[in-house]
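The values are calculated or read from the model by the stated rules, or taken from the named source; none is laboratory data. Predicted model, so just to flag it, every value in this text is computed and none were measured. Neighbour counts are summed over all protein chains in view; Cβ atoms, including those assigned to glycine, are modelled from backbone coordinates with ideal geometry.
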Amino acid sequence: MDRNTVIGFSLIFLILAGYYWCTAPTEEERQQMIARNDSIAKIEALKKDSIEKIESQNKTEETKAASNNAVEALDSLNWTGEFAAHRDTRNSQIVSIANSSLTINVNSLGGFIESVKLNEFRRSDSSELILLDSGKNKMVWSWTNADGEVKNSDDFNWTVYTKNDSQIVMRLYADSLSYIEQYYNLQSSQPYVLDYHFRMIGMGDNVRRGNSDFKFDWSADIQKQERDKKWEHQHSALVYKLPNESPTSLKTTDGAKEEVKSRMEWFGFKQQYFAAIMASSTDIANDAQFVMGENNVEEGNNDVKSVQSTIYTEFAQGEELRDAKFSFYFGPTQYDVLQNANLGVGNAELEKIVPLGWGIFGWVNRGLVLPIFSWLSSVIGEMGIAILLLTFIIKTILLPLVYKSYISTAKMRILKPEIDAIKEKYGNDMQKTQQENMALYKKAGVNPMSGCIPMLLQLPILFAMFQFFPVAFELRQKSFLWAQDLSQFDGPSLGFSIPFYGDHVSFFTLMMTVSTIIYTHFNNQITGVSGQMKYIGYFMPVIFLGVLNDYASGLTWYYFVSNIITFTQQFVIRKTVDDSKLHKQIEDSRKKPAKKSAFQKRMEDAMRISQERAKKNR
């Protein structure tokens, strides 16, 4: 080889070396190529694994068709732009998953839950109980892509990637390496709970939205499930819960709006006996908005009112994999069922969406009424008998108060002639009359308030029952005697409406009213009430006749039974209490040195101050 050849090859080598040195990728570019090759390998492995899984798991004709579509979409994608393979929305399909409690239909157009049926329950007209109805429920995810375009999940026909009896996976491919996935799975241990994941794989560079939040809009028309639409309106509400706080209710006000600036654990809507809740321990971000629509009062329309909610979930810029995990609860508002529902958010306190009353009334219901009634319901299948026994137990607990009230009333009745004499003697001098009455009470050892206090202590239970029965799920569609449903009013329709009373007759309410009037009559004889107070006692039951006519028949049955037991208790007490012994107790008290009770001291101090002020004003 001559010198010129050697020089020529050397120059060629130097030129090639210089070219490769100038065009060689940087360290950052080399790492990206390695990552891309790894991603391609993972995607191909995932495709192969998924195809094998589809072919081995799916048996039904519907499943085979969905599987074939998924395989074809994976094997023969011809990318012409972002989500290009999903822009044909004409051939969408409905796929279903079910267990003994729920049947859930998912629409591939948007990949959202189209309808939810509760398999174990029926509507008041015996039709299927559809909690979320097709065409009246919409769930949409929205995000902004790298080009600044807003994308909505319902703009695309999602691929049914996998499907079996309890699980659906739908995908939306941006390109061969990037896709969004919606995952639905019915839990076996929680029949009313649906696991839901919104996953993004390889979408880090394709998503741009300020702080990279994804928006989720859920709008629905609450459906009428019961006979009386009035109660559906009253008990329909948007509900949500913040961490370490009790649930909040955005209730019946038409057009009510609310913005929540902090993270939430769950949100959704409830009606009288059913609820739809969406929960997440970490993936519901700030700035949620809720809107409560107007009541729908049209006859023959199953829509009760509309609800709208908007939440956000965070997706960090450049993040390649994101799995936002949620749970849905679709089921009854039965206290113990809600209490045991596991939505993965710690102490969800779902049971608190059941309106058992505020303050002491809620305490009475949760601490006394619910435990007793739940036990009776589990032992006795007949709800009417369970209510009777519940009433008997509560009235037995209250018997000492009833006895004390009767004794105090009987003593006041014995002193009534002397009280009347004092009133006649001092006429219109109210201060002197009160002084003499207090002196009489002190000598006789009688506290005029001792008859009222036991009755006041019974009021929390009375009002707690007023809250409990209209929302007690155990009474729903349970018949007793002529009542077809103890959660609704009993009796026939009149065919016309009477002002204040209504357009139907509730027999239990009539029985309660008549029994209350009889009770008032005998009570007036015992207490010696006269004048206007006597007539007010008769007027109140008539008022309740109109007020309670359309309430749950279980409530008016309870009040009727309560009246009957009260009659029996007072009859027995009256037969066992000897008035002559009460006379003797009063006479013995007169002979003893008078001891002033705290109440008497306060009354005397108040009268003395009143007299001093009167003297100064003269």
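Among the listed residues Lys411, Lys416, Lys404, identify the single one that is within 53 Å of the chain's Cα centre (by Cα), modelled with pLDDT of 75 or more and of a type in the set (D, E, K, R).
So the residue among Lys411, Lys416, Lys404 that is within 53 Å of the chain's Cα centre (by Cα), modelled with pLDDT of 75 or more and of a type in the set (D, E, K, R) is Lys404.
Determine whether Ile360 is surrounded by fewer than 18 Cβ atoms within 10 Å (Cβ to Cβ) and more than 29 Å from Thr248 (Cα to Cα).
no
From the list Ile311, Ile372, Ile353, exactly one residue is farther than 16 Å from Phe468 by Cβ, of a type outside the set (Phe, Trp, Tyr) and at pLDDT 90 or above. Which is it?
Ile311
Taking strands (runs of 3 or more DSSP E) that do not extend beyond segment 80-152, which have at least 2 residues that are hydroxyl-bearing (Ser, Thr, Tyr)?
Details: elements: 94-98, 102-107, 112-122, 128-132, 137-144, 150-152.
In segment 80-152, 137-144 are the strands (runs of 3 or more DSSP E) which contain 2 or more residues that are hydroxyl-bearing (Ser, Thr, Tyr).
Looking only at segment 540-563, which residues are modelled with pLDDT under 90, part of a helix (DSSP H, G or I) and touching a Gly at 6+ places or on another chain (Cβ under 9 Å)?
Within segment 540-563, Gly546 is the sole residue that qualifies.
Hey, can you tell me all the residues within segment 154-171 that are assigned to a loop (DSSP other than H, G, I, E, B) and of a type in the set (Ser, Thr, Tyr)? If you could, list the steps in order and put the result at the bottom.
Restricting attention to segment 154-171, the residues satisfying the condition of being assigned to a loop (DSSP other than H, G, I, E, B) are 156, 158, 164-166.
Answer for segment 154-171, where residues must be assigned to a loop (DSSP other than H, G, I, E, B) and of a type in the set (Ser, Thr, Tyr): just Ser166.
I need every pair where a residue in segment 478-489 that is within 14 Å of Tyr551 (Cα to Cα) has its Cβ under 6 Å from the Cβ of a residue that is of a type in the set (Phe, Trp, Tyr), sequence separation at least 6 or different chains.
Leu486/Phe480
Taking Asn164 and the conditions (1) among the polar types (S, T, N, Q); (2) touching a helix residue (DSSP H, G or I) at 6+ places or on another chain (Cβ under 8 Å); (3) at pLDDT below 85, which numbered condition does it fall short on, given that it satisfies the others?
(3)
Filter segment 142-172 for residues that are within 12 Å of Leu109 (Cβ to Cβ) and either surrounded by fewer than 17 Cβ atoms within 10 Å (Cβ to Cβ) or of a type in the set (D, E, K, R) (or both) and give the result.
Hits for segment 142-172 are Asn152, Asp154, Asp155.
In segment 498-538, how many residues are at pLDDT 85 or above and among the small types (Gly, Ala, Ser)?
Here the count works out to 2.
Select from segment 172-184 the residues that are without any contact (Cβ under 8 Å) to a residue 60 or more places away in the chain and either part of a loop (DSSP other than H, G, I, E, B) or out of contact with any Gly (no Cβ under 8 Å at 6 or more places or on another chain) (or both) and list them in ascending order.
Of the residues in segment 172-184, the ones without any contact (Cβ under 8 Å) to a residue 60 or more places away in the chain are 178-181, 183.
Matches in segment 172-184: Ser178, Ile180, Glu181, Tyr183.
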